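*Asks:* Take a look at the following structure, please.
The values are calculated or read from the model by the stated rules, or taken from the named source; none is laboratory data. Not measured: the values here are computed from a predicted model. When we count neighbours, we look across all protein chains shown, and the Cβ atoms used for this are built from the backbone with ideal geometry, even at glycine.
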Amino acid sequence: MDDRNGWGRNRPEPTGSPHDPPTSFVEQATVTNAADDEPLDAQFEDAWPACWERAADLLSWDEAYDTVLDDSNAPFYRWFTGGELNASYNCIDRHLEAGRKNHAAIRWEGKRGERETYTYQDLFVAVNEFAAALRELGVEADDVVTIYLPMIPELPIAMLACARIGAPHSVVFAGLSADALATRMDAADSEYLVTCDGYYRRGDAFNQKSKADNARLAVEQDVETVVVDRLGEELPHVLGDDEWDYHDLCAEFAGASVEPVSRDAEDMLFLMYTSGTTGDPKGVVHSTGGYLAQIAWTARSVLDIQPADTYWCAADIGWITGHSYIVYGPLALGTTTVMYEGTPDYPDRDRLWEIIDRNAVDIFYTAPTAVRAFMKWGTEYPDRHDLSSLRLLGSVGEPISPRPWRWYYEHIGDGECPIVDTWWQTETGAIMVSTLPGVDPMKPGAAGPPLPGIEVAVVDEDGNEVDPGKAGYLTIPRPWPAMARTLYDGDERYRAEYWDRFSDPDADDWWYFSGDTASVDDDGYVTVLGRVDDVINVASQRLSTMEIESAIAEVDGVAETAVVGRSSERRGTEIYAYVSAAGDPSDGLRERILESVADAIGPIATPEAVVFTPELPKTRSGKIMRRLLEDIANGEELGDTSALRNPEIVGEIQSERDRS
Ligand code: PRX
């Protein structure tokens, strides 16, 4: 690693502590370090960027690539240039050719206890039929297909069908509102939508189609819509113009076979909208070759996925974690991936453990917010089940602090399973920072070192690296294969959001800024502290305070608003809204605010608390003092308020907070 900016990775010597990789795991791990091997990160450093060929070798290419990395137009890097491949071929066909057609690809667990298994052959058939149907509807290569489905098998099938014909998909989380769907369809100019009549939320039928209908009314373009009938008689619906029934369409193309389209390594595989520093969601563009290579590599080396495994990532496919580690990563490796439609506490709080027990799940990957809930519910629920099939546990989405870490380690992993705390983002596409479970000791609370081939640096305001143990901005000074290629909204915004802050374009020195703060210890282990932009992680989901603020500001009777995060044991962060009202707030204003946020974004974004105040605290130059509002929300000691134009307001807000 170059001296200029590297946190050279000092592998801590095994200490004999309980957090060394368990011997039973190391003996079978996919990636280990035999005593006489050069450490893997050194091997990667010696051959960077050619080291990434190892990741590309996990894929089947239609056309070999000429160059591993083309950095001639940084920060618009290109990986595996000249190479061609198809993602659906890599996730399906090649496993059939390897004689594994009857191996389970997807095990689906429905909310009402339904179960379905798709072998790789079943998946092949379903994906081909739907790919043929999409073609019939007019979808061509490079047309963006929006998918607005809950966790049902048709979701990954539709994604893979798009990939098969070279149409990028844009999956919108099913819990987002009609407005949010319309904004995303508009921004991507998407003329195709795959949705469903509805789905079950806890026990109740919930209408998804009406949200999709409202979104279609709100966008300018005509939209061809495919509707999956999930609820049958329970929620009858009538198909209008430009609407097709998913299963009828597939039946029409029963037995169809669609040749996978060879895509350039740099062609867009999908678009994923995420929250950014401004109100508008960002359309993050992911490539086909680099993305798939690093996803397959990390699924193998970090999550230790082997084809014979039953692997379960309990995230939603509507977010990046599900794209990378429910669909593309595990299927590229030919394993069995579990898909669960429900919630962890329905019908009872042992639901996840029951699924692990019954399916003999080997690897389980979830978010800290879930672990904190399990911990609160107590050990009686996991104790009801045999979890001894588990070999590895993973965590993603926000920092996992030592207490839940230990609980997860002891009560779910029985002290036998390594935990990989994986740091990454929608934009990084794949895991960037984590221990290698068969190699590195774990440190509860710290994610781990950057993976082999990855470099991170924690820097101060001026871009200078800070000393070990000190907090700073988490940057990535070197490109990586799964990195976002741009934003759909344009290259300018991409540069402004991620590269301008710490790069030196004159020196052609490009540093990616993650938006996170972190510290690195003497062993090169990264502890992620949180976001520095206007993004908050609520129950491991990424939301923009600005987006919530604009939804609140829409409401009649709201004069001004500021949204901040408050630390919460349960949800990581809770949404705390301060509102100065134009009139009498007792007049149903709180309810209208909550409703407006649910309509604009979705129920996940509704504030936990709305605090009314005559004014917001402002500096003399008129800027809202967010830091102060955050401290008030968290009940923290307030620092110097002398810079305020209206210091008297602080006491009023505090007493209002105590009342609300
Ligand atoms: O703040 C970091 C946090 O989640 C952000 C990325 O969110 P999103 O793009 O929605 O992707 C989530 C799943 C990859 C990061 O900027 N984050 C993610 N993983 C961790 C984390 N914070 C601490 N530790 C992690 N393991």
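*Asks:* Checking the structure you have, find out if any residue of the range 410-431 is away from the ligand (no atom under 11 Å from the Cβ) and among the hydroxyl-bearing types (S, T, Y). Step through it out loud before you land on a result.
*Replies:* Start the filter on the range 410-431 by keeping residues that are away from the ligand (no atom under 11 Å from the Cβ), which leaves 410-418.
Pick out the ones that are also among the hydroxyl-bearing types (S, T, Y) and you get none.
No, the conditions are met nowhere in the range 410-431.
*Asks:* Does I548 count as within 16 Å of the ligand (Cβ to nearest atom), under 21 Å from the mean Cα position of the chain (by Cα) and either exposed (fewer than 15 other Cβ atoms within 10 Å of the Cβ) or part of a strand (DSSP E or B) (or both)? Spell out the reasoning first.
*Replies:* Details: within 16 Å of the ligand (Cβ to nearest atom): yes; under 21 Å from the mean Cα position of the chain (by Cα): yes; either exposed (fewer than 15 other Cβ atoms within 10 Å of the Cβ) or part of a strand (DSSP E or B) (or both): no.
Taking the combined requirement at face value, the residue does not satisfy it.
*Asks:* Let me ask something else. Of all residues in the range 380-409 being surrounded by fewer than 15 Cβ atoms within 10 Å (Cβ to Cβ) and closer than 30 Å to G565 by Cα, which is farthest from the ligand (Cβ to nearest atom)? It would help to see each step written out before you state the result.
*Replies:* First, pick out the residues of the range 380-409 that are surrounded by fewer than 15 Cβ atoms within 10 Å (Cβ to Cβ): 380, 383-384, 386, 388, 402-403.
Right, trim to closer than 30 Å to G565 by Cα and you get 402-403.
Working: P402: 13, R403: 15 Å.
Result: R403.
For (1) buried (at least 22 other Cβ atoms within 10 Å of the Cβ); (2) touching a Pro at 6+ places or on another chain (Cβ under 6 Å); (3) within 16 Å of V227 (Cβ to Cβ), each residue gets a yes or a no:
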site: R100; (1), (2), (3): no, no, no
site: A104; (1), (2), (3): no, no, no
site: Y120; (1), (2), (3): yes, no, no
site: V127; (1), (2), (3): yes, no, no
site: D143; (1), (2), (3): no, no, no
site: Y148; (1), (2), (3): yes, no, yes
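*Asks:* Out of the range 172-225, which residues are part of a helix (DSSP H, G or I) and among the hydrophobic types (A, V, I, L, M, F, W, C)?
*Replies:* From the range 172-225, those part of a helix (DSSP H, G or I) are 178-187, 209-218; that's our starting set.
Residues satisfying the conditions are A178, A180, L181, A182, M185, A187, A212, A215, L217, A218.
*Asks:* May I ask you to verify whether F513 is touching a helix residue (DSSP H, G or I) at 6+ places or on another chain (Cβ under 9 Å), within 16 Å of the ligand (Cβ to nearest atom) and of a type in the set (A, V, I, L, M, F, W, C)?
*Replies:* On the way: touching a helix residue (DSSP H, G or I) at 6+ places or on another chain (Cβ under 9 Å): yes; within 16 Å of the ligand (Cβ to nearest atom): yes; of a type in the set (A, V, I, L, M, F, W, C): yes.
Here the answer is yes, as F513 does meet what is asked.
*Asks:* For the structure I just gave you, tell me whether T606 is over 30 Å from P452 (Cα atoms), surrounded by 16 or more Cβ atoms within 10 Å (Cβ to Cβ) and either hydroxyl-bearing (S, T, Y) or in the same structural domain as R372 (by TED's automatic domain parsing) (or both).
*Replies:* Spelling it out, T606 is indeed over 30 Å from P452 (Cα atoms), surrounded by 16 or more Cβ atoms within 10 Å (Cβ to Cβ) and either hydroxyl-bearing (S, T, Y) or in the same structural domain as R372 (by TED's automatic domain parsing) (or both).
*Asks:* Another question, if that's okay. Any residue at all in the range 448-460 that is within 10 Å of the ligand (Cβ to nearest atom), under 17 Å from S540 (Cα atoms), buried (at least 24 other Cβ atoms within 10 Å of the Cβ) and touching a residue at least 40 places away in the same chain (Cβ under 8 Å)?
*Replies:* Within the range 448-460, the first condition is being within 10 Å of the ligand (Cβ to nearest atom), and the residues that meet it are 448.
If we keep only those that are under 17 Å from S540 (Cα atoms) too, we end up with none.
No, every residue in the range 448-460 fails to be within 10 Å of the ligand (Cβ to nearest atom), under 17 Å from S540 (Cα atoms), buried (at least 24 other Cβ atoms within 10 Å of the Cβ) and touching a residue at least 40 places away in the same chain (Cβ under 8 Å).
*Asks:* OK, next. Take the range 80-116 and flag every residue that is more than 22 Å from the chain's Cα centre (by Cα) and in a strand (DSSP E or B).
*Replies:* Across the range 80-116, the qualifying residues are F80, T81, E84, L85, A104, R115, E116.
*Asks:* Moving to a separate point now. Could you run through the range 348-365 and say how many residues are away from the ligand (no atom under 16 Å from the Cβ) and not in a helix (DSSP H, G or I)?
*Replies:* Applying the first criterion (away from the ligand (no atom under 16 Å from the Cβ)) to the range 348-365 yields 348-363.
The next check asks that each one be not in a helix (DSSP H, G or I); those that pass are 348-350, 360-363.
The total comes to 7.
*Asks:* Between a residue in the range 248-264 that is under 18 Å from D143 (Cβ atoms) and any residue that is in a loop (DSSP other than H, G, I, E, B) and of a type in the set (S, T, N, Q), which pairs come within a Cβ distance under 8 Å, given they are 6 or more apart or on different chains?
*Replies:* P260/N86; V261/N86; S262/N86; R263/N86; R263/T288; D264/T288
*Asks:* Right, something else. Would you point out which residue out of D280, D304, D267, D350 is surrounded by fewer than 22 Cβ atoms within 10 Å (Cβ to Cβ), among the acidic types (D, E) and in the same structural domain as L387 (by TED's automatic domain parsing)?
*Replies:* Numbers: D280 fails: in the same structural domain as L387 (by TED's automatic domain parsing); D304 fails: surrounded by fewer than 22 Cβ atoms within 10 Å (Cβ to Cβ); D267 fails: in the same structural domain as L387 (by TED's automatic domain parsing).
The conditions single out D350.
*Asks:* Taking the conditions exactly as written (in contact with a helix residue (DSSP H, G or I) (Cβ under 6 Å, 6 or more places away or on another chain) and surrounded by fewer than 24 Cβ atoms within 10 Å (Cβ to Cβ)), does K111 satisfy them or not?
*Replies:* Here the answer is no, as K111 does not meet what is asked.
*Asks:* Let me confirm something: among T619, T641, which residue is surrounded by fewer than 18 Cβ atoms within 10 Å (Cβ to Cβ), β-branched (V, I, T) and in contact with a Pro (Cβ under 8 Å, 6 or more places away or on another chain)? Don't jump to the end; show me each part of the working.
*Replies:* Working: T619 fails: in contact with a Pro (Cβ under 8 Å, 6 or more places away or on another chain).
It is T641.
*Asks:* Only one of D506, D500, D489 is closer than 28 Å to A265 by Cβ, free of Cβ contacts under 8 Å to residues at least 24 places away in the same chain and either more than 16 Å from the ligand (Cβ to nearest atom) or in the same structural domain as A293 (by TED's automatic domain parsing) (or both); which? Talk me through it step by step, then tell me what you get.
*Replies:* Details: D506 fails: closer than 28 Å to A265 by Cβ; D489 fails: free of Cβ contacts under 8 Å to residues at least 24 places away in the same chain.
From the options D506, D500, D489, the qualifying one is D500.
*Asks:* Would you pick out the residues in the range 578-603 that are surrounded by fewer than 21 Cβ atoms within 10 Å (Cβ to Cβ) and part of a loop (DSSP other than H, G, I, E, B)?
*Replies:* Listed by number, the residues that qualify are A582, G583, D584, P585, S586, D587, G588.
*Asks:* Out of all the residues in the range 350-367, is one or more within 20 Å of S540 (Cα to Cα) and touching a Gly at 6+ places or on another chain (Cβ under 6 Å)?
*Replies:* Yes: one or more hits.
*Asks:* Further question: Would you pick out the residues in the range 622-655 that are assigned to a helix (DSSP H, G or I) and either small (G, A, S) or outside the structural domain of S568 (by TED's automatic domain parsing) (or both)? Before you say what the answer is, go through the steps one by one.
*Replies:* So the first thing to find is which residues in the range 622-655 are assigned to a helix (DSSP H, G or I), and the list is 626-633, 649-655.
Listed by number, the residues that qualify are A633, G651, S655.
*Asks:* Answer yes if at least one residue in the range 461-475 is within 16 Å of the ligand (Cβ to nearest atom) and either in contact with a helix residue (DSSP H, G or I) (Cβ under 8 Å, 6 or more places away or on another chain) or outside the structural domain of P49 (by TED's automatic domain parsing) (or both), and no otherwise. Before the answer, list the steps.
*Replies:* Here is the first cut: in the range 461-475, the residues within 16 Å of the ligand (Cβ to nearest atom) are 471-475.
From the residues that got through so far, the ones that are either in contact with a helix residue (DSSP H, G or I) (Cβ under 8 Å, 6 or more places away or on another chain) or outside the structural domain of P49 (by TED's automatic domain parsing) (or both) too are none.
Looking through the range 461-475, none of the residues is within 16 Å of the ligand (Cβ to nearest atom) and either in contact with a helix residue (DSSP H, G or I) (Cβ under 8 Å, 6 or more places away or on another chain) or outside the structural domain of P49 (by TED's automatic domain parsing) (or both).
Each row is one residue, and each column tells you yes or no for (1) outside the structural domain of E398 (by TED's automatic domain parsing); (2) in a helix (DSSP H, G or I); (3) within 16 Å of the ligand (Cβ to nearest atom); (4) acidic (D, E).
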site: I317; (1), (2), (3), (4): no, no, yes, no
site: G329; (1), (2), (3), (4): no, yes, yes, no
site: T343; (1), (2), (3), (4): no, no, no, no
site: Y346; (1), (2), (3), (4): no, no, no, no
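*Asks:* Now for a separate question. Go over the candidates S257, S210 one by one and state the one that is out of contact with any Gly (no Cβ under 6 Å at 6 or more places or on another chain), among the hydroxyl-bearing types (S, T, Y) and farther than 29 Å from Y340 by Cβ.
*Replies:* Working: S210 fails: farther than 29 Å from Y340 by Cβ.
From the options S257, S210, the qualifying one is S257.
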